1. Per residue, what accessible area does the stretch 262-403 have, given a 1.4 Å probe and all protein chains present, in Å²?
2. Report ³J(HN,Hα) in whole Hz for each residue of the stretch 165-173, in order, from the Karplus equation J = 6.51 cos²θ - 1.76 cosθ + 1.60 where θ = phi - 60°; Gly and Pro get x.
3. Could you run the Karplus curve 6.51 cos²θ - 1.76 cosθ + 1.60 with θ = phi - 60° over the stretch 83-96 and give me ³J(HN,Hα) per residue in whole Hz, x for Gly and Pro?
4. What distance in nm separates the two pseudo spin-label positions at residue 115 and residue 186, each 7 Å out from Cα along the beta-carbon direction?
5. Collect residues whose amide H, placed 1.01 Å from N in the peptide plane, falls under 5 Å from the amide H of residue 232; neighbours closer than 5 in sequence don't count.
6. Taking H placed 1.01 Å from N in the peptide plane, check which residues at least 5 places from residue 125 or on another chain put their amide H under 5 Å from its amide H.
7. Would you mind getting the Kirkwood hydrodynamic radius of the stretch 364-470 from its Cα pairs, rounded to one decimal in Å?
8. Hey, any idea what Rg/Rh is for the stretch 100-164, computing Rh the Kirkwood way over Cα pairs?
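The values are calculated or read from the model by the stated rules, or taken from the named source; none is laboratory data. The structure displayed is predicted, hence computed values, not measured ones. Using ideal geometry, Cβ is built from the backbone for each residue, glycine included, and neighbour counts are taken over all protein chains shown. All accessible areas refer to the heavy atoms of the entire protein, side chains included, with ligands and DNA or RNA removed. Shrake-Rupley method; radii C 1.70, N 1.55, O 1.52, S 1.80 Å.
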Amino acid sequence: AKSRPAPTCVLGIDLGTTSVKAALLTGAEQGQVVAESCSRETQAHTSSLEAGPQGMEQNVWRIVRALNECLAALPQQQLQRVSRIGVSGQMHGILFWKKDKGCKWTECSTGPTFEPEEVSHLITWQDGRCSPTFLSSLPLPQSHISLATGFGCATVYWYLKKSPDFLKSYDAAGTIHDYVVAMLCDLKKPLMSIQNAASWGYFNSRNKSWNTDILKKSGFPVHLLPEVGDPGSIAGRTICAWHGIPRGAKVGIALGDFQCSVYSCLTERTDAVLNISTSAQLTISMPPGFQPPETPDPSSAVTYFPYFNGDYLAVAASLNGGNVLATFVDMVARWTEELGFQVEKSAIYMKIIKAALAQNDSKLSVHPTIFGERHVPERLASVTNIAFSDLSLGHITRAVCRGIIENLCSMLPVQRLMETGVRRILGSGSALARNEVLRQEVERIFPFPVVYGKDVDAAVGAAMVMFHRK
């Protein structure tokens, strides 16, 4: 019998805040399977010369080095079968480069690779240089998303007002993943998906265009704004056999990491995705044809993210998730230390979960927002309904876990989920995976079946988008 030709592979890449991940997908009878994956810490955080301690910047050279290390670690045989590449990454951030000197291609042991050349640092989504006073001095955007510090356009305004000479050194800008796509395909002008454009601010998702008139009037350097395209479209083809990937492989327009994470696990419109890791998100698909409001409502707990094929996701993104439990464990560890005892944090975590599993109920009410929330930053945590019968570690841990879920539910209520047609919850994230009490509270509060173990993975999602492309 003739041997079948080896199936083609799709490569997915995610350029995250702390690490880079690459995943190879191949087709199988049951859909796509992850054949290989690899991740590397970027260790890219660096100090900001202009913004001082408020700045949050990353060294692009280190990010690209981590990306090259990831690809070099994947099997050459499979990379040689890659026909498409999907790329996602951390949204909101911005870096600047010179179009004709964005990178230089060199030869390494696994084939051609590129290194950044005349490129700025990446100013990330965590950047805090734009104070509320500074943001309020900027023109009002025509967008459904409120402008915030760390958003690309806000950062450009900051340089325009504080360090205008900096911008004169560059003639192109994009997110870190837009940059990688531009280098792979040698794009003369960067191309950006609607997902990333919306995350920069001053972008109207309804008519898919930048607020050019508003920006021009205030002297904004509009020549730095990338062209915009639909998520899922092709940005170009590889100009070199990058790490052995055939030259001419199709590269998708860079996508948002959040959207790709959701895409990796959301199969039905009637599913909601509940992800609890450090922070927590509850996400639902909006009905086809939904359009977000013309202007943002800063007091709304729900944000609308452009998804695929003109659809939107409604997201309740809480700043309080597994980090609340971690802080609670820290507090218990500090108290025991102050009393002259030493207990490992991992042992405390296991013991408080075990104690909470023995307490099915707790009348204690914990509002756990120790990190505030974006829509109500001033409303911090509180404990009420304190009775002497509910003061054990088990009762308190149970109440903290319930509070985390109830807080998310207050942001995107069960009634709203039912109205949108949700029939099932997909539970994911490290905090849910290791905490049975949290899972019990999810099942107690949501009147839907809950399915666990759905991994959210932006690199896999980016590859799946390219896999599903006709």
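1. Value returned for the stretch 262-403: 51 Å² of accessible area per residue.
2. After applying 6.51 cos²θ - 1.76 cosθ + 1.60, I find 5, 4, 5, 5, 7, 10, 10, 8, 8 Hz.
3. Going residue by residue, I get 10, 9, 10, x, 10, 10, x, 5, 7, 6, x, 8, 9, 10 Hz, with x marking Gly and Pro.
4. With each label point 7 Å from Cα toward Cβ, the separation is 2.0 nm.
5. Placed amide hydrogens put 253 under 5 Å from residue 232.
6. Sorted by chain and number, the residues that satisfy this are 93.
7. After inverting the pairwise mean of 1/r, the radius is 16.1 Å.
8. Looking at the stretch 100-164, the ratio lands at 1.18.
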